[in-house]
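Worksheet for the structure shown next.
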Amino acid sequence: MQAMNTSFQPSVGRQAVALACFVALCLAVGAIGGAATSTSVGTWYQHLHKPPFNPPDWIFGPVWTALYIAMSVAAWRVWRRLGWSGARQALSLFAVQLVLNLAWSILFFGFQRIGLALVEIVVLFAAIATTGVVFWRIDRAAGLLFIPYLAWVGFAALLNASLWHLN
């Protein structure tokens, strides 16, 4: 378990700015992923054979927005607890999973590489789980905020595997 830095106590203003930055970062990753997705969601993706449990397209935007906000709050809570230097390992893991999150959209929708995206999403799932555990050790609420994200990416991995199998 990581030692807690009890001397780090940011002002309310600094906390607000940090939260806004975490939200902006995560939503920016979502927007870039959305741009990659938009290149083929209305064309190539529509022609794929889909499993019966494939959700309607409209559900992805709201779910991902909620997940990006939850992961933003989780990272902010870790930062608020330990500061940048104290949370370097945890926030580095956060950054890695965020990059992997974006990479999946680019691989699946941008490059239309379903099999490669499947391999990548398994790595993403492991990175999310690891980040969630590390966050939990620092701040339980931060760890809990990663559970819906992990569940959704697990579902997305199953969907990705089904799409790979069917196509």
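Laboratory data are not the source of any read-out in this text; all were calculated from the coordinates shown. All figures in this text were calculated on a predicted structure; none of them were measured in a lab. We place every Cβ from the backbone using ideal geometry, glycine too, and count neighbours over all the protein chains shown.
Look at the dipole of the chain built from charges on Cβ: of Gln15, Ser162, Ala142, the Cα furthest out on the positive end belongs to Gln15.
On the beta carbon distance between Ala35 and Asn167, with R0 = 22 Å, the FRET formula returns roughly 0.45. Would you indicate which of [x] 100; [y] 124; [z] 110 is the value of volume of the Cα convex hull per residue in Å³ derived from the coordinates of this structure? Among [x] 100; [y] 124; [z] 110, the one derived from this structure is [x].
Sequence-ordered 3J(HN,Hα) estimates for the stretch 134-148 from the Karplus curve with 6.51, -1.76 and 1.60 and θ = phi - 60° stand at 5, 4, 4, 5, 8, 8, 4, 4, 4, x, 5, 5, 8, 5, x Hz, glycine and proline given as x. Could you grab the relative contact order for the chain? Cα pairs under 8 Å, six or more apart, rounded to a whole percent. Taking the mean separation of contacting Cα pairs over the length of the chain, I get 32 percent.
Counting only Cβ charges, +1 for Lys and Arg and -1 for Asp and Glu, the dipole size of the chain around its Cα centre is about 440 debye. Here's the picture: charge each Lys and Arg Cβ at +1 and each Asp and Glu Cβ at -1 in the chain, and of Phe109, His47, Val99 the one pushed furthest to the positive end of that dipole is Val99.
Each residue, Leu150 and Cys21, gets one label point 7 Å from its Cα in the Cβ direction; the gap between the two is 2.8 nm. How far is the Cα center of the stretch 50-68 from the Cα center of the stretch 100-167, in Å? Answer, in whole Å: 14.
On the basis of the beta-carbon distance and an R0 of 45 Å, Gln9 and Val99 show a calculated FRET efficiency of 0.90.
Can you tell me the 0 to 90 degree angle between the C-alpha axis of helix 12-38 and the longest principal axis of the chain, rounded to 10? Relative to the chain, helix 12-38 is tipped by roughly 10 degrees. Remark: the Gln46-Phe111 segment gains 21.9 nm on full extension, using 0.36 nm per residue and subtracting the alpha carbon distance. Lys and Arg at +1, Asp and Glu at -1: add these up for the other residues within a Cβ distance under 12 Å of Ala75 and post the number. Here the charged neighbours net out to +2. Site pair Thr130 and Ala28 shows an inter-label distance of 2.4 nm when each label is modelled 7 Å from Cα along Cα→Cβ.
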